[in-house]
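The values are calculated or read from the model by the stated rules, or taken from the named source; none is laboratory data. Every value quoted in this text rests on a predicted model; they were computed, and no experiment measured them. Virtual Cβ from ideal backbone geometry, glycine too; neighbours counted across all protein chains shown. Note: areas computed on protein heavy atoms with side chains; ligands, DNA, RNA excluded. Shrake-Rupley method; radii C 1.70, N 1.55, O 1.52, S 1.80 Å.
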Amino acid sequence: MKKLLLITITLFTFSSSFAQTALQSPSEFLGYNLGDRFTYHHRMVDYFKHVDEAVLNVQVMQYGETYEHRPLIYAIITSPENFKNLEQIRQDNLKRAGMAAGTPTTKVAIVWLSYNVHGNEANSMEASMKTIYELVNPANAKTKEWLKNTVVIIDPCINPDGRDRFANFYNQYGNNPPNADPQGREHAEPWPRGRANHYLFDLNRDWAWETQTESQARIKIYNQWMPHIHVDYHEQGYNNPYYFAPAAEPLHDVITPWQKEFQNTIGRNNAKYFDEQGWLYFTKERFDLFYPSYGDTYPTYSGAIGMTYEKGGIGAGLIVTTNEGDPMTLLDRITHHFTTGMATLETASLNAAKLNDEFEKYFKETINTPLSPYKTYVIKGDNNPDKLNKITAWLSTHNIQYGLPNTGRAARGFDFQTQEVTNFPLSTNDIIISISQPKGRFITAVFEPQSKLNDSITYDITAWNLMYSYGLKAYALNEKLSFSKPYQQKVVANESVAAKPYAYIFRYESLNDVAFLGAMMQKGIKVRSSLKGFSLNNQTFDPGTLIVTRRNNEGVADFDNVIQSLAKTHGRKINTTTTGYVDKGQDFGSSDVNYLKAPRIALLGGDQTSSLAHGEIWHFFEQQLHYPLTILGTDYFRNVDLWKYDVFIVPDGNYRMFDESTLSTLERWVSEGGRLIVIAGAVNAFAEKKGYGLKEYANEDAKKQAEKAEKEQKEKEGPVKYSEAERKGLSESIFGAIYKVTLDKSHPLAFGLGDSYYSLRTSERHYAYLEKSWNVGILKGKQKPVMGFAGYKINKQLENTLVFGIEDKGKGQIVYMVDNPMFRCFWENGKMIFSNAVFMVGQ
């Protein structure tokens, strides 16, 4: 047999033949030279399988599958000697990280190269084939030497669906011979473009949150290897030169001096090879290490030297003429990525022992002497059980250790609900997360109350705390606490259910309850919701509680079995009653107990919509709620019969299609009973328009104060210098900051949330309170973010402004969502507000 490997992480291995085939180069195997065309994903997979079959010291494995059923693969390459001990090398590395017991006996560097996380940054996958070939090329003496003390892991295409979407576009529309004119159609990729995955998610923003199947599969394998170096290959606009590490500021505080230093070591070796060829490059600019869900930061916060490499190339096709008048070819781009890959592997091999030693030191310090002032995070055990189950499952995917204390006692810490340091009772059912563990630095980056931002010019959002995302009762403590008991996921027990009750009662507090509601609706079950709280059978039920009466459901065959089976499938606690007469509140026949009609939902998509924002909603309905929706294209929207739908969602975007005629049609549809939900940038298309009540807001006092301060500053410092212009503009900017929003919890839009909500605000938009309408979520009084960066001028402008509002119009409603509650689909309470807009509002 060719190979016998005892690697526990193998999901599927392509090696199965006894005979070895002769190794071919990519050009020999594909039948064309790399750079002559864009290779389809399945042909790349075929080539990697070929290398696996032809070379003894290569193993190619499938670790997952995309939504469009393309395989996700990775290859392991090392010397034949190392290959025999591959599992020992992996286990030794986990021992160094404190993730396995024992003392390591090997010192082999582990380098992971990830390609094509963005599908239309299409040079990367091509470069991966050249890279794997040169690593096993018998004539390449250098790589043979490197592999003696280095294991190389290659993920040739993180995003196969987006990559093939781009390849299909270019191979269909590209000229023959290729046209270098930047205005040519082959350089103008249509919506939604190939950057994102099937559901139009940016996978390079999803490493930590794992909302997508590709991320979930990759993180599982990544954490079973824990490489010393991780390179994430990208492309940028084709007029930009090459970027490689070291990274730009801001750099998160959890990053060690060694990690910073070795980025410089790698960067200098990369520069040496670029200098030899006269290729332009830049470092220490634009691409920072702060937001924890990138392909460079997640590895960095997990002990690796995490880096982004960016070659100019987006929109370049096979050839393009740059602004400098030079031709840039796909072969040029492949060569540059290949060069940095080889240079990085060389640096790793030359420093293999040091990499191992520093890797081990990183984790010893993380476990034994963590530097963060917050040593422990406590999530209260009386939070909603669905939220506890979900966040603990998420912790487990990242190999984060957590558990329950043995005894309760008094404790003191930062309260995420009040943003104050307070005393609180620690109970035996509270969840303890200590940072004295291998993933301690990642825990700090994700949960710390305020991240230190040493440079406010950053590439992405500056706040992301999951305590605020879930709206959890939780604390950050300066003292180290330990747990002694494992946390058990909460399971609903429905031991006995009364036969043929008058009504079934279900609490409405989480997204699991929303999914259950949608499932009942799809089974034709008629569901009611209480607008107000009530008490019955010694239990108190909050507004939004779902009530399913036997009356009006006579047409549902085997009604009791259907409702109980659905409740069991969705893990819902079944409450029953023999009467509709409540102890306190409104009886079940009251007008305050509303019938919830199953909504027919339409979502706008296409040019002018943000593909990412569209994808967030599409994914939410299909993969989380499992509720049907119809996608309507912007290109034919004028011909759509909107009256076939009850709810129409307009996601974030930059719209030109909503002219006077279209707005008038939408207004009529709403007045006749439709529910229009407009989100983020879409709100701009309806503000200050005839028939719509949303008005722009200008805080005149804040404006005057800002003008006065600016005048005084000019008199003191003189005119703004050109070099300082960008930083001066930051005073009016928001970089993804979290604000505390006051909610009207009596309104259906706020059901399941309470009287406040933490909103992740990613823009400076601000609007006045609605007149004679419902201002459900507002920023009241003086403003500053509870976490993240926002300029002082914009904070002034946000005082007393609308975040979520409902305008009643005739028989229907318009839901204005100034902030996007669905942002990247990891903001849990935001998804609850959005769900309420779809299923609860206007019912």
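One table, with the values for the structure above:
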item	result
GLU186 vs. criteria farther than 24 Å from HIS336 by Cβ, touching a Gly at 6+ places or on another chain (Cβ under 8 Å), in a helix (DSSP H, G or I) and modelled with pLDDT of 95 or more	no
Members of the range 171-188 that are buried (at least 19 other Cβ atoms within 10 Å of the Cβ) and touching a helix residue (DSSP H, G or I) at 6+ places or on another chain (Cβ under 6 Å)	GLY174, GLU186
Complete set of residues in the range 54-97 that are open to solvent by 10 Å² or more (accessible area, probe 1.4 Å), closer than 27 Å to LYS361 by Cα and of a type in the set (A, V, I, L, M, F, W, C)	PHE83, LEU94
Top-ranked residue in the range 94-138 [being in contact with a strand residue (DSSP E or B) (Cβ under 9 Å, 6 or more places away or on another chain) and assigned to a loop (DSSP other than H, G, I, E, B); ranked as nearest to HIS337 (Cα to Cα)]	TYR115
Residue satisfying condition, being within 23 Å of the chain's Cα centre (by Cα), over 27 Å from ARG507 (Cα atoms) and open to solvent by less than 10 Å² (accessible area, probe 1.4 Å), within set ILE391, ILE433	ILE433
Sole residue being more than 25 Å from the chain's Cα centre (by Cα), among the basic types (Lys, Arg) and open to solvent by less than 40 Å² (accessible area, probe 1.4 Å), chosen from ARG668, ARG675	ARG675
Among the candidates PRO438, PRO373, PRO449, residue that is under 30 Å from HIS234 (Cα atoms) and in a loop (DSSP other than H, G, I, E, B)	PRO438
Residue match in the range 637-651 (condition: under 32 Å from the mean Cα position of the chain (by Cα) and open to solvent by 60 Å² or more (accessible area, probe 1.4 Å))	no
Scan of the range 64-113 for residues that are in contact with a Lys or Arg (Cβ under 9 Å, 6 or more places away or on another chain) and among the aromatic types (Phe, Trp, Tyr), ordered by number	TYR74, PHE83
Test: PHE506 is under 20 Å from VAL548 (Cβ atoms) and in contact with a His (Cβ under 6 Å, 6 or more places away or on another chain)	no
Residue match in the range 210-219 (condition: outside any helix (DSSP H, G or I) and open to solvent by 10 Å² or more (accessible area, probe 1.4 Å))	yes
Any chance ALA196 is buried (at least 22 other Cβ atoms within 10 Å of the Cβ), small (Gly, Ala, Ser) and either in contact with a Leu (Cβ under 7 Å, 6 or more places away or on another chain) or farther than 17 Å from HIS118 by Cα (or both)	yes
Index of the failed condition, THR39 passing every other in (1) assigned to a loop (DSSP other than H, G, I, E, B); (2) at pLDDT 95 or above; (3) under 30 Å from ASN351 (Cα atoms)	(3)
Condition met for GLN91 (closer than 30 Å to PRO192 by Cβ and out of contact with any helix residue (DSSP H, G or I) (no Cβ under 8 Å at 6 or more places or on another chain))	no
Failed item, numbered, when LEU663 is tested on (1) out of contact with any strand residue (DSSP E or B) (no Cβ under 6 Å at 6 or more places or on another chain); (2) outside any helix (DSSP H, G or I); (3) not small (Gly, Ala, Ser)	(2)
Selection within the range 562-582 - open to solvent by less than 80 Å² (accessible area, probe 1.4 Å) and of a type in the set (S, T, N, Q)	GLN564, SER565, ASN575, THR576, THR577, THR579
Evaluation of ALA141 against (1) open to solvent by 10 Å² or more (accessible area, probe 1.4 Å); (2) in contact with a helix residue (DSSP H, G or I) (Cβ under 6 Å, 6 or more places away or on another chain); (3) among the hydrophobic types (A, V, I, L, M, F, W, C) (one fails), failing number	(2)
Residue check for THR418: out of contact with any Phe, Trp or Tyr (no Cβ under 9 Å at 6 or more places or on another chain) and either farther than 21 Å from PRO449 by Cβ or open to solvent by 20 Å² or more (accessible area, probe 1.4 Å) (or both)	yes
Residue under evaluation ASP560, criteria (1) within 22 Å of PRO748 (Cα to Cα); (2) within 40 Å of the chain's Cα centre (by Cα), criterion not met	(1)
Any hit, the range 261-275, residues being at pLDDT 95 or above, among the hydroxyl-bearing types (Ser, Thr, Tyr), more than 28 Å from the chain's Cα centre (by Cα) and under 23 Å from LEU350 (Cβ atoms)	yes
Qualifying residues in the range 459-496 (those that are of a type in the set (Asp, Glu) and touching a residue at least 60 places away in the same chain (Cβ under 8 Å)) - the one surrounded by the most Cβ atoms within 10 Å (Cβ to Cβ)	ASP460
Members of the range 437-458 found to be more than 26 Å from ALA101 (Cα to Cα) and either among the charged types (D, E, K, R) or surrounded by fewer than 17 Cβ atoms within 10 Å (Cβ to Cβ) (or both), listed by number	GLU448, GLN450, LYS452, ASN454, ASP455, SER456
Flag if ASN239 is within 20 Å of ASN123 (Cα to Cα), polar (S, T, N, Q) and not in a strand (DSSP E or B)	yes
Answer from TYR74, TYR63, TYR67 - the residue that is over 23 Å from ASP357 (Cα atoms), hydroxyl-bearing (Ser, Thr, Tyr), out of contact with any strand residue (DSSP E or B) (no Cβ under 7 Å at 6 or more places or on another chain) and at pLDDT 95 or above	TYR67
Count of the range 401-415 residues which are buried (at least 20 other Cβ atoms within 10 Å of the Cβ) and in a loop (DSSP other than H, G, I, E, B)	1
Counted residues, the range 678-707 - those being outside any loop (DSSP other than H, G, I, E, B), open to solvent by 10 Å² or more (accessible area, probe 1.4 Å) and at pLDDT below 95	8
All strands (runs of 3 or more DSSP E) inside the range 771-825 with 1 or more residues being buried (at least 19 other Cβ atoms within 10 Å of the Cβ) and free of Cβ contacts under 8 Å to residues at least 40 places away in the same chain	774-779
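A quick yes/no check of all residues on (1) open to solvent by less than 10 Å² (accessible area, probe 1.4 Å); (2) free of Cβ contacts under 8 Å to residues at least 12 places away in the same chain; (3) closer than 15 Å to LYS573 by Cα:
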residue	(1), (2), (3)
ALA498	no, no, yes
LYS523	no, no, no
SER529	yes, no, no
PHE541	yes, no, yes
VAL548	yes, no, yes
